[in-house]
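Inspection log for the structure reproduced underneath, given as structure tokens.
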Amino acid sequence: MSTYRTRTWHVVVACVILGTLTLVDPVAAQERGPADTGVSPLVEAVAAMGFTLVAGGLLVKFARDFTEGFIDTMVENAVSSFLIGLMLSMALGFLVLLSPSLGILPAIPFLIALLVFTPMGYLTVGGLVADSWGGSLLVGVVIAGLATTIPVIGPAGGFVISATSVGAFLVSLWGSGS
């Protein structure tokens, strides 16, 4: 068996194991905390995994060149992309808090960017592990599920991936001169 095929099987087995762990309810000692949405952790994980699967699959199928360029930008400029995404998140947070008359209106473009670029961030992280688009998407889907179910570390990792992906988009925009 070739090295590529062996590595693919390792990725599939790891994704099945991590996916199974995603679907297991947390133990009683792990409380959901004050940000409890009232939605079951299982439903949150399945929704995150499903959205990442659909959005990532559409990006791979219909915008492969853009996705490849984005992934290259995100990997090459990871630190600067994260810092830009973090500063943008903080600026929008302050803007929303300081201007109650505007409400959440200034954050709407940022939220739309999150819907598009977060699955691309998960796809990028999956690409660091897998060699193919399918493997990258599979790993990204599992990571999206884990980000919703693992207390504290999951949301923190999801935020880092989201902020880095939005920052990478801005870096690629500035780099292209648009």
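The values are calculated or read from the model by the stated rules, or taken from the named source; none is laboratory data. Because the structure is predicted, anything quoted here is derived from the model rather than measured. Backbone-built Cβ (ideal geometry, glycine too); neighbour counts: all protein chains shown.
Numbers for the structure displayed
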item	result
Residue satisfying all of: in the stretch 108-158; assigned to a loop (DSSP other than H, G, I, E, B) and of a type in the set (A, V, I, L, M); surrounded by the fewest Cβ atoms within 10 Å (Cβ to Cβ) among these	152
Tally, over the stretch 127-178, of residues that are in contact with a Phe, Trp or Tyr (Cβ under 8 Å, 6 or more places away or on another chain), modelled with pLDDT of 90 or more and hydroxyl-bearing (Ser, Thr, Tyr)	3
Unique residue being small (Gly, Ala, Ser) and either part of a loop (DSSP other than H, G, I, E, B) or more than 11 Å from residue 165 (Cα to Cα) (or both) when the list is 101, 81	101
The stretch 52-68, subset out of contact with any helix residue (DSSP H, G or I) (no Cβ under 7 Å at 6 or more places or on another chain) and of a type outside the set (Lys, Arg), residue nearest to residue 174 (Cα to Cα)	66
The lone exception for residue 49 - which of (1) at pLDDT below 90; (2) of a type outside the set (D, E, K, R); (3) closer than 28 Å to residue 171 by Cα it fails	(1)
